1. Using a 10 Å cut-off on Cβ atoms, rank the peptides 59-65, 18-24 from the highest mean neighbour count down.
2. Going by how many other beta carbons lie within 10 Å of each one, how would you line up Tyr39, Tyr86, fewest first?
3. Assign unit charges at the C-beta atoms only (+1 for Lys and Arg, -1 for Asp and Glu), then state the dipole size of region 10-101 relative to its Cα centre in Debye, rounded to the nearest 20.
4. What would the Debye formula give as log10 I(q)/I(0) at q = 0.18, 0.26 Å⁻¹ for the alpha-carbon point model of region 34-103, no solvent?
5. Using the charge dipole of region 10-101 (Lys, Arg: +1 at Cβ; Asp, Glu: -1 at Cβ; taken about the Cα centre), state which of Leu48, Phe32, Ser18 has its Cα farthest towards the positive end.
Amino acid sequence: MGNRSGHKPTTEPSRRESRWAERIRAGDARAFEQLFFAYCQSLTSFALRFVQDQDLAEDVVQDVFLRVWTQRSQLDPDRNIKTYLYTATRNQALNVLRHSRVKRQSTEELARLDSKVTTPENQLEQQQVSREVHRAISQLPDRCRTIFTMSRFDRLTYAEIAEILHISVKTVETQMGRALKALRLSLSHLHL
């Protein structure tokens, strides 16, 4: 019933996020810059999953931050700004998709393997495993894949994912369960 990670699901803003929202509302460009640098890279990666193009993803995130600044007087310090940014990025990316014909390809980035010195054979094996994992993730149903990548790659909580996608936490838990089961099955030959 609860979040399996042991953390209480919450979409309450952190103290740092609340301070940022308050300072940005007051026109503090330095706070806006801090917010931008804290989330720009992860939001661009997130947008990339929708628009499938690096330049477009960067444009989406720029548009989101431009809107945050131009509508700063409406920022609510009691609202989770991280959730707001991810929701706005998702919505903007979907708007861009509606107005452009971008070929869909799978673009999920896998977690980087340790940067320790490896032999060419180990590197080749890691690349093969990485390709297999990438292929398995790309074959998940759309909603399942989106929720899995938001959880595992963007490190969003189930509550944050639920709010961003306008679904219940229970639905997120169910979709994550399905994703993990499907990945276990399709990757069982790798003995990970």
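Any read-out appearing in this document is the output of simple, stated calculations on the displayed coordinates, not a laboratory observation. No experiment lies behind these values; they were computed from the predicted model shown. Neighbour counts run over all protein chains shown; Cβ positions are idealised from the backbone, glycine included.
1. 59-65, 18-24
2. The order, fewest Cβ neighbours first, is Tyr39, Tyr86.
3. The dipole magnitude comes to about 180 debye.
4. Reported log10 I(q)/I(0), two decimals: -0.63, -1.17.
5. Ser18
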